[in-house]
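Below you'll find the structure, written out as structure tokens, and then a few comments.
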Amino acid sequence: EADAIKYTPDKENYCKIMLNGQEPDFRGVRAVNKNGAIWGNVMCIIERMKAHFPDRLDFDWDTENQRLTVHSGGKTIIAQAGVTHLLVDGQENLMDGQPYVTDTGILVMEVNAIAPHIDGASCQYDDKIGALRITM
């Protein structure tokens, strides 16, 4: 009876996001699998990609307009809080929901929507361990 009181099942389907086998510090934002769309702190992934592969991408985070712009492999990728379309060279790519900014200023969005557009990046969800694997 005491154990039943202590245990509370998660309300979300939490998962991991790994970049080249490493799980970055997501600054308190847990990744969630929403019907195959992996939502998480996208800036941590972008920043880590830039740190390890500086020649493959550049990015700008516009805090006022809550817009992330990534330049990679000749492409321009734009994600904006409150907008369900990821723009890739002006072409709309519908996401499963709207990115949003947390109270602490962190952009949360569908990571597996933006990652494949980065030069040299691929991603695949591993059901066995519940993780999105991004490789570069």
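The values are calculated or read from the model by the stated rules, or taken from the named source; none is laboratory data. All values derive from a computational prediction rather than experimental measurement. For neighbour counting, all protein chains shown are included, and Cβ atoms are generated from backbone atoms with ideal geometry for every residue, glycine included. Accessible surface areas use protein heavy atoms only, side chains included; no ligands, DNA or RNA. Shrake-Rupley method; radii C 1.70, N 1.55, O 1.52, S 1.80 Å.
Matching residues to (1) open to solvent by 30 Å² or more (accessible area, probe 1.4 Å); (2) modelled with pLDDT under 95:
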{"residue": "ASP3", "(1), (2)": "yes, yes"}
{"residue": "GLY28", "(1), (2)": "yes, yes"}
{"residue": "VAL42", "(1), (2)": "no, no"}
{"residue": "LYS50", "(1), (2)": "yes, no"}
{"residue": "THR69", "(1), (2)": "no, no"}
{"residue": "LYS75", "(1), (2)": "yes, no"}
{"residue": "ALA79", "(1), (2)": "no, no"}
{"residue": "THR84", "(1), (2)": "yes, no"}
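Can THR102 be described as hydroxyl-bearing (Ser, Thr, Tyr), within 20 Å of GLY36 (Cβ to Cβ) and open to solvent by less than 80 Å² (accessible area, probe 1.4 Å)? No: the conditions fail for THR102. Of everything in the stretch 103-113, what is at pLDDT 95 or above and either part of a helix (DSSP H, G or I) or of a type outside the set (A, V, I, L, M) (or both)? Give them in sequence order. Hits for the stretch 103-113 are GLU110, VAL111, ASN112, ALA113.
All of VAL29, VAL70 fail the test of being part of a loop (DSSP other than H, G, I, E, B), within 18 Å of LEU132 (Cβ to Cβ), hydrophobic (A, V, I, L, M, F, W, C) and in contact (Cβ under 8 Å) with a residue 40 or more places away in the chain, apart from VAL29.
Among (1) among the charged types (D, E, K, R); (2) in contact (Cβ under 8 Å) with a residue 24 or more places away in the chain; (3) open to solvent by less than 80 Å² (accessible area, probe 1.4 Å), which single condition is LYS34 missing? The failed condition is (3).
For the stretch 114-121, the condition holds for no residue, the condition being that it is in a strand (DSSP E or B), free of Cβ contacts under 8 Å to residues at least 60 places away in the same chain, open to solvent by 20 Å² or more (accessible area, probe 1.4 Å) and not polar (S, T, N, Q). Among the residues here, GLY28 qualifies as more than 11 Å from the chain's Cα centre (by Cα), farther than 17 Å from ALA113 by Cβ and among the small types (Gly, Ala, Ser).
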